[in-house]
Amino acid sequence: MYLELPKKLKVLGDMATNLSVEMLRPISRKYDLAEHEYPKELDLVASMLDGMNDGEGGAGVGADQSKQKKDENAGVRNGANMAACVGIQGFCWGDVGLLLTLPRQGLGNAAIGAVANAEQSKRFQGKWAAMAITEPGTGSDSANISTTAKQDGDYYVLNGEKIYVTAGSRADIIVVWATLDKSIGRAAIKSFAVERGTPGMEVTRLEHKLGIKASDTAAISFTDCRVHKSNLLGNPEIDTKKGFGGVMQTFDNTRPLVAAMAVGVAKAALDRTKELLQEHTLLDYSAPINSVSSAAAEIYRMEADWEAARLLTLQAAWMADNGKPNSMEASMAKAKAGRSCNAITLKCVELCAGLGYGEDELLEKWCRDSKILDIFEGTQQIQQLIVARRLLNLSSAELK
Amino acid sequence: MSRDPIGLAMATMSRIASSSLVERMGLRPTIEKLTYQGTKSGFQALGAASRQFKSVTQLLRPERLEAPSQPKSQFDLTISEEQQMMRDSVRAFATEVLRPAASQSDVDCNLSPELLAQANELGLAYFAVPENLGGAATERSPVTSMLIAEDLAYGDMGLAVAILSSIGVANALTQWGTAAQQSRYLPAFLEENTLQAAIAVNEKRPLFNANELATVAVEQADGYQLDGAKTMVPLIDKAELFLVAASLNGKPRLFLVESGTEGVSIARKPNMGVRAAGMGDLALAQVRVGKDALLGDDDFDYEAFINMARLGWCSLALGTAQAVLDYAIPYCNERIAFGEPISHRQSVAFMIANIGIELNAMRLMTQRAVALAERGKPFAREAYLARVICADKAMEIGTNGVQLLGGHGFTKEHPVELWYRDLRAIAVMNGGLHL
């Protein structure tokens, strides 16, 4: 038993932090103010990461690193899932909005990595893929989507409206969830890779948001949009026994990554707050928490919650790396990291007072950015449902 | 077992107090006054009569145990096969022996001699005493100690403390004791009449800080004089040896004090919980001990000592919190309200989810700090943060455990009220254990 990172992951984390300092922090405020403007500086960052990923065998920062990689070495592995978490944490210590709009590292890439066949993986390699699930009338209840896919010869015809598509106006491919037959329910939901420029797919709107403004969030409509059947990801048959598993399994891999984003943002706020409060709080990890100043006690509690979120995230990723089912642990990590990150960034602004609330510092930005991390990829409440159902051994019909 | 005047007095008085005869004769005010007087005067009594300690084997150099050989340094949540076997037997003992005895031991404020004998059969002391002194310990693994503490507390925290108290003293002696100290005391932990011992750190005042002790040791020509008072000392009337934290020249150190030493007096003082540990107060009035009563040499590390105790209490919290979760789940699935199990309601189910999430977090934080300690790496920050989260979340889990059972949880029909009282100790305790 040992809960420290191996040297190669520490090095990776340091690299990501350095990249944050040199390339992300300097443009962080600029793209927070210039919402909807593509951060062109990221092209350079993305090619650097491509190079690192090719060279390091998966030690990257992007979401597409989440896929299981077979390792021939026996024994315990600290593999691609953990590396992705460490890299993402370091990157989001710089700027989570910029991570979310990093070319070729979208959540759609994670979906492709999880369920695409060999031919598709090859064909979509090097493409930037976004993920389109949410609809105006369907949020957390994603089994209830109404975008339809009707087979017509070698093609599927998509109709419907998707919202909250991260990188939807910038990605090369949109991975769309659509139902083959709504009356069948979950089992009929399939995902389709739709390439940009496909007739019938149109970006209709970009959202104005509370935070992560560097990342574009698009509404996309599908009107008789014809997609070749070779772009259906996973099994085209409707298997009611297997149900939702196919599309939902993506989340077991991506939730720890979103948790890692939260861990990175929270660390940014905590580090800066400790720096600003240096003269006012002595943190020696010795005096009892009830004998130190109120501000110091707040920092200790935040740091403890932050470490807890970080360890839960690493646990979920470690389980994935070692082939252990991690659905509950992934949700635990996402729940703890999401709420802790939000609470920490908000408290840091409070502690830093006028300095924290103003735009001279990034603290106020981080507490706007953090809110989405407790919402997307499954809200706090959805994670709790998943954990509770697992612990109580209840079905979704019993615990609604 | 007649060396328990306070317990005897209490038992007698509580029998009188509950007797209906008392009511009929209108004696209650008199008896309550008597009880008040008795408590006020503190039942001062001598500690357990201590044996004559003999050094059968005289070590020339202190025995020190190395950490188990470690696989390469990477993130690894697995435990060894030996640790798993140990866990299985301790968990079975906790479930089959400790849990059924928890309620009565709580009332008695005692680990019964029968239970102690059964606990000794686990052979835990052998893993604390090095081979050269008759034990079986070839390595020192705080991780294993952490797992044992968690599993014992799954049965009952108070009994776990009663069992682990002596082993904590043995662990400290093995880690820091001089050759003379080890030779004198360690073999006695393995005798048939096991040496019982306790670590005394806490003092009775608000905002107690283990780094600022009011108990003072003054160096004299032939040894030290100790003055002060300790509280929440486990096995108070059974321990023959106390490891007492006192300030020496402004720095906290530990002193080995035998219970029969002149000036030592004890008082049973049950707390709201962890009662089976038989805690109480230890008074030191002009207690004179020899030069060799000071634990360890220059290598002694008080901060590590305090942190190992903190992590010990975190480990206990894991076991008790797991007991709460495992008890609440079937209860909430079976308890019907408004026509369906209460677990079908999100407000109930989310409390269960959060117990699971925070307990997992507590466990990872504790494991991380203990694993660092085992490898001899700095672990002060990690131990501190583990204590912060365990102190907060263990109590939250304790109070939610009672809440989930509602009025039923408030009664002694269910163990959750005991766990609630036990879990309050996590934020309060210092010392008492040493992993």
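Read-outs throughout are calculated quantities, based only on the coordinates presented, and are distinct from any laboratory measurement. This structure is a prediction, so every number in the text was calculated from the model and none was measured. Note that we place each Cβ from the backbone using ideal geometry, even for glycine, and neighbour counts take in every protein chain shown.
For A:SER294, B:SER166, A:SER20, what's the fewest-to-most ordering of other Cβ within 10 Å of each Cβ?
Ordered from fewest to most neighbouring Cβ atoms within 10 Å, A:SER294, B:SER166, A:SER20 come out as A:SER294, A:SER20, B:SER166.
Across every pair of different alpha-carbon atoms, what Kirkwood hydrodynamic radius in Å does the stretch A:252-328 reach? Walk me through the numbers on the way to the answer.
Details: mean 1/r = 0.0713 Å⁻¹.
14.0 Å is the Kirkwood radius here.
Using only the alpha carbons, work out the radius of gyration and Dmax of the protein assembly as shown in angstrom.
30.5, 101
In cubic angstrom, how much convex hull volume per residue do the alpha carbon atoms of the stretch A:118-233 span? Walk me through the intermediate numbers first.
Working: hull volume 12.5 nm³, N = 116.
It comes to 108 Å³ per residue, whole-number rounded.
Search the structure for amide H atoms under 5 Å from the amide H of A:ARG104, placed 1.01 Å from N in the peptide plane, and list their residues when 5 or more places away or on another chain.
The answer is A:TRP128, A:ALA129.
What helices does chain A hold that run 15 Å or longer along their axis, going by alpha-carbon atoms, with a Kyte-Doolittle average of -0.5 or more, using DSSP H for the helix calls?
In chain A, the long hydrophobic H runs are A:7-19, A:42-56, A:80-94, A:245-276, A:294-321, A:327-357, A:380-392.
Want the number for A:LYS7 to A:HIS36: 0.36 nm per residue separation, take away the alpha-carbon distance, what's left?
6.6 nm
Quick one: if the Förster radius is 41 Å, what FRET efficiency do A:TYR155 and A:LEU206 give, using the C-beta to C-beta distance and rounding to 0.05? Don't skip to the answer; put the middle values down first.
Values: r = 29 Å, r/R0 = 0.70.
The pair A:TYR155/A:LEU206 has a calculated efficiency of 0.90.
Label points 7 Å out from Cα along the Cβ direction at B:PHE53 and B:LYS251: separation in nm?
About 2.2 nm, to one decimal.
So what is the orientation-averaged projected area of chain B, using the convex hull of its C-alpha atoms, in nm²?
23.1
If each DSSP helix of 4+ residues adds -39,500 (n - 2.57) and the sum is divided by the residues in chain A, what number results at 222 nm, nearest 500 deg cm²/dmol?
Working: 12 runs with 187 residues, N = 400.
One gets -15500 deg cm²/dmol as the mean residue ellipticity at 222 nm.
Which whole-Hz ³J(HN,Hα) couplings does the stretch B:81-98 yield from phi under the Karplus relation 6.51 cos²θ - 1.76 cosθ + 1.60, θ = phi - 60°, glycine and proline marked x?
4, 4, 5, 5, 5, 4, 4, 4, 6, 5, 5, 5, 4, 5, 6, 8, 10, 6
Calculate the mean, over all residues of peptide B:382-394, of how many other protein chain Cβ atoms lie within 10 angstrom of the residue's Cβ.
5
Based only on other Cβ atoms within 10 Å, what is the fewest-to-most ordering of B:MET429, B:MET362? Don't skip to the answer; put the middle values down first.
Numbers: B:MET429 24, B:MET362 27.
Exposure proxy ranking, most exposed first: B:MET429, B:MET362.
Bin width 10 Å, origin at 0, all Cα-Cα pairs of the stretch B:92-145: what percent of pairs per bin?
Going out from 0 Å in 10 Å bins, the stretch B:92-145 shows 22, 38, 29, 10, 0 percent.
Provide the FRET efficiency to the nearest 0.05 for the B:ASN132-B:LYS377 pair, computing r from the beta carbons and using R0 = 25 Å.
After rounding, the FRET efficiency stands at 0.40.
Cα atoms only, the stretch A:295-355: Rg and Dmax in Å?
Rg, Dmax (Cα atoms, Å): 14.2, 48.
For the stretch B:421-428, in order, what is each residue's ³J(HN,Hα) by Karplus, 6.51 cos²θ - 1.76 cosθ + 1.60 with θ = phi - 60°, in whole Hz (x at glycine and Pro)?
5, 5, 5, 4, 6, 4, 7, 9
Taking amide H positions as placed in the peptide plane 1.01 Å from N, state which residues far from A:GLU377 in sequence (5 or more) or on other chains have amide H under 5 Å from it.
Those qualifying (amide H under 5 Å, at least 5 residues apart or on another chain) number zero.
Once phi is turned into θ = phi - 60°, what whole-Hz ³J(HN,Hα) does the Karplus curve with 6.51, -1.76 and 1.60 give for every residue of the stretch B:374-380, x standing for Gly and Pro?
Going residue by residue, I get 4, 8, x, 9, x, 9, 4 Hz, with x marking Gly and Pro.
With a 10 Å Cβ neighbour count serving as the proxy for reagent exposure, in which order, fewest first, do B:THR399, A:THR217 appear?
On the way: B:THR399 17, A:THR217 24.
The most exposed by this proxy come first: B:THR399, A:THR217.
What does the average come to when, for each residue of peptide A:275-287, you count the partner chain Cβ atoms lying within 10 Å of its Cβ?
Details: counts 0, 0, 0, 0, 0, 0, 0, 0, 2, 3, 10, 9, 5.
Mean shielding by partner chains, rounded to a whole number: 2.
Take the stretch B:302-423, drop everything but the C-alpha atoms, weight them equally and run the Debye formula without solvent; then report log10 I(q)/I(0) at 0.14, 0.21 Å⁻¹ to two decimals.
Debye intensities relative to I(0), on a log10 scale: -0.60, -1.04.
Springs between alpha-carbon atoms under 10 Å, Gaussian network over chain B: tell me which of B:TRP419, B:TRP313, B:TRP176 tops the mean-square fluctuations.
In the Gaussian network model the winner is B:TRP176.
Tell me, what is the FRET efficiency for B:GLU82 and B:VAL428 to the nearest 0.05, using R0 = 45 angstrom and their Cβ-Cβ distance as r?
Efficiency, rounded to the nearest 0.05: 0.85.
Give me the net charge for the shell around A:SER169: Cβ to Cβ below 13 angstrom, other residues only, Lys and Arg +1, Asp and Glu -1.
Numbers: positive: A:LYS162, A:ARG170, A:ARG196, A:ARG205; negative: A:GLU35, A:GLU37, A:ASP172, A:GLU202, A:GLU207, A:ASP216.
For residues surrounding A:SER169, the net value is -2.
GluC sites (Glu not before Pro) within the stretch A:68-171: which are DSSP loop residues with at most 13 other Cβ atoms inside 10 Å?
Sparse-neighbourhood loop GluC sites (Glu not before Pro): A:GLU72.
In the structure shown, do any of A:LYS209/A:LYS274; A:LYS274/B:LYS204; A:LYS213/A:LYS274; A:LYS162/A:LYS400; A:LYS10/A:LYS365; A:LYS274/A:LYS334 have a Cα-Cα gap over 30 Å, and if so which?
From A:LYS209/A:LYS274; A:LYS274/B:LYS204; A:LYS213/A:LYS274; A:LYS162/A:LYS400; A:LYS10/A:LYS365; A:LYS274/A:LYS334, over 30 Å: A:LYS274/B:LYS204.
Collect residues whose amide H, placed 1.01 Å from N in the peptide plane, falls under 5 Å from the amide H of B:ALA137; neighbours closer than 5 in sequence don't count.
For B:ALA137, the qualifying residues are B:VAL129, B:GLU131.
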